[in-house]
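Asker: Structure incoming, see below.
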């Protein structure tokens, strides 16, 4: 964990310091893992799988941030903090950035166009986030 970088985000009021709540963290992990499992069901539509994978990535990423003792109300920032909470490399974070933009188009403009490549990448990165969260102390 890069505590200095996270504390800098607290100083500029992008994050809040908040002691981890083990039941909250476990609830986020449970939710993220269930959604990730469902996102892999090829019987579901690509749109549903994308929504499930995106929300799994967010729940697991937020669990990592909460485990480190921070909170954010901003979904995008939760993803950006993965570099500091789990050491996720920039190329992996870019997949989440693309997914976030697609999610916003769907959520706020009603336009969703999910391509299989992004969906596969999102599931793969979310699997990695899950493994990194599992390895957290």
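Any read-out appearing in this document is the output of simple, stated calculations on the displayed coordinates, not a laboratory observation. Source: prediction; values computed, not measured. FYI the Cβ positions are ideal-geometry reconstructions off the backbone, even for glycines, and counts take in every protein chain you see.
Asker: Using Cα atoms only, what is the angle between the long axis of helix 22-39 and the major principal axis of the chain, expressed in degrees (0 to 90) to the nearest 10?
Answerer: Rounded to the nearest ten degrees, it is 20.
Asker: Here's another thing I want to ask about it. To make sure I understand, if each residue's beta carbon is the centre and we count other beta carbons within 10 Å, what order do 18, 42 fall in, fewest to most?
Answerer: Final ranking by Cβ density, sparse to dense: 42, 18.
Asker: Taking only the C-alpha atoms, wrap a convex hull around the chain and report its volume per residue in Å³ as a whole number.
Answerer: Output value, Cα hull per residue: 98 Å³.
Asker: Moving to a separate point now. At 7 Å along Cα-to-Cβ for each site, give me the label-to-label distance between residue 26 and residue 74 in nm.
Answerer: Taking the two extended label points, one gets 3.2 nm.
Asker: For a distance above 12 Å, tell me the whole-number percent of Cα pairs in the range 14-54 that qualify.
Answerer: 64 percent
Asker: Relative to the longest principal Cα axis of the chain, at what angle does helix 90-109 sit, 0 to 90 degrees, rounded to 10?
Answerer: 60 degrees
Asker: Distance between the C-alpha centers of the range 1-67 and the range 84-137? Whole Å please.
Answerer: Here the two parts' Cα centres lie 11 Å apart.
Asker: Treating the angle as unsigned and between 0 and 90°, give the value, to the nearest 10°, between the Cα long axis of helix 46-67 and the longest Cα principal axis of the chain.
Answerer: Taking the Cα atoms of the chain, the angle to 46-67 is about 10 degrees.
Asker: Most fluctuating residue of 76, 54, 108 in a GNM of the chain with Cα springs under 10 Å: which is it?
Answerer: Looking only at 76, 54, 108, the biggest GNM fluctuation is shown by 108.
Asker: Continuing with the same structure: What FRET efficiency would be calculated for the residue pair residue 104, residue 13, taking the C-beta separation as r and a Förster radius of 30 Å, to the nearest 0.05?
Answerer: Once rounded, the FRET efficiency stands at 0.85.
Asker: Hey, fewest Cβ within 10 Å first, where do 12, 123, 112, 129 land in order?
Answerer: By the 10 Å Cβ count, ascending, the order reads 12, 112, 123, 129.
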